[in-house]
Amino acid sequence: MHEPIVEVHELTKLFPTTEGGDKRAVDGVSFTVSPGQIYGLLGPNGAGKTTTLRMLSGLLTPTSGYAKLSGFDVRLQREQAKRCLGYLTASTGLYQRLTPRELLRYFGELIDMDRAGIGRRIAELIEWLDMGTFADLRCGGLSTGQKQRTNIARALMGDPPILVMDEPTLGLDVLTNRVVLDFIRAEGARGKAIILSTHYLDEAEAMCDQYGLIHDGKLVGIGDLATLQAQSGKRRLSEIFLKLCGQSEHVLSGVPEARAEGAA
């Protein structure tokens, strides 16, 4: 087993409220991810998933605790840590007037890739993600699925060892959904450490090696599927979650167990 490349220790985030107190959005979250692992960080809306991932990526500063990427402390060594990370969300914006090819070249230059390396990498990504038909169209005119493929390519431009996927298949059609899931599997097989946050528990059950089930900012279950099944006495991931957080089905509102389109 490889040593962890992602280390999250007691991450906590407090936000001030209008009443004058603090809301504890994330409460002492700890987990590790090793190269080649796909780690599912799962929970309903407002559970603390995105806040955790934003602290992990350096977009938010934790109130306490720390995160390390490839040994670099995200708070103290932010630039080094960011170079180890590709971050993809369903809401990531694109420069509307640039084409995907121009966008990828721009991001390649931002991370100090040489010109020849940029050209080779763009060609690889366009072929791999089947972007040839729209690589030279402006991003403002692309479909949702084409934009998401462009965002995947952007996250992969520097071939980082760690990938964070926050709701990567949200709103995608069945074909683009398959491309995204195949991409995640392939990158895991190549040895990337991947953190996947999704509402679609059927996808997570098919994709992930390890799970962190988060509710009200706290991890209520950690381990592989067999461990969580033994701990909860349930078989399906949705049933396990409900059992471990001690709540009724309303907790998973907005967290579909399966979907007709895009299921793995």
Residue set ARG83, ARG54, ARG97, ARG75; condition of a type in the set (D, E, K, R), touching a helix residue (DSSP H, G or I) at 6+ places or on another chain (Cβ under 9 Å) and either under 23 Å from PRO161 (Cα atoms) or crowded, with 19+ Cβ neighbours inside 10 Å (or both); output residue ARG75
Here the qualifying pairs (Cβ atoms under 8 Å; residues six or more apart or on different chains; first in the stretch 62-91 and on the phi > 0 side of the Ramachandran plot; second of a type in the set (A, V, I, L, M, F, W, C)) come out as GLY65/VAL8; GLY65/LEU11; GLY65/VAL29; SER70/ILE5; SER70/ALA81; SER70/CYS84; SER70/ILE162
Scanning the stretch 1-28 residue by residue, those on the phi > 0 side of the Ramachandran plot and in contact with a Ser or Thr (Cβ under 6 Å, 6 or more places away or on another chain) turn out to be GLU10, GLY28
By my count, strands (runs of 3 or more DSSP E) wholly in the stretch 1-53 with at least 1 residues that are of a type in the set (Asp, Glu) are 6-16, 22-33
inquiry  = Quick check on ILE122: is it open to solvent by less than 10 Å² (accessible area, probe 1.4 Å) and β-branched (Val, Ile, Thr)?
reply    = yes
Those residues of the stretch 139-182 which are modelled with pLDDT under 85, in a loop (DSSP other than H, G, I, E, B), more than 13 Å from the chain's Cα centre (by Cα) and of a type in the set (A, V, I, L, M, F, W, C) amount to LEU172
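The values are calculated or read from the model by the stated rules, or taken from the named source; none is laboratory data. All values derive from a computational prediction rather than experimental measurement. Positions of Cβ are generated from backbone atoms using ideal geometry, with glycine treated the same way; all protein chains shown enter the neighbour counts. SASA here: full protein model, heavy atoms, side chains in, ligands and nucleic acids out. Shrake-Rupley method; radii C 1.70, N 1.55, O 1.52, S 1.80 Å.
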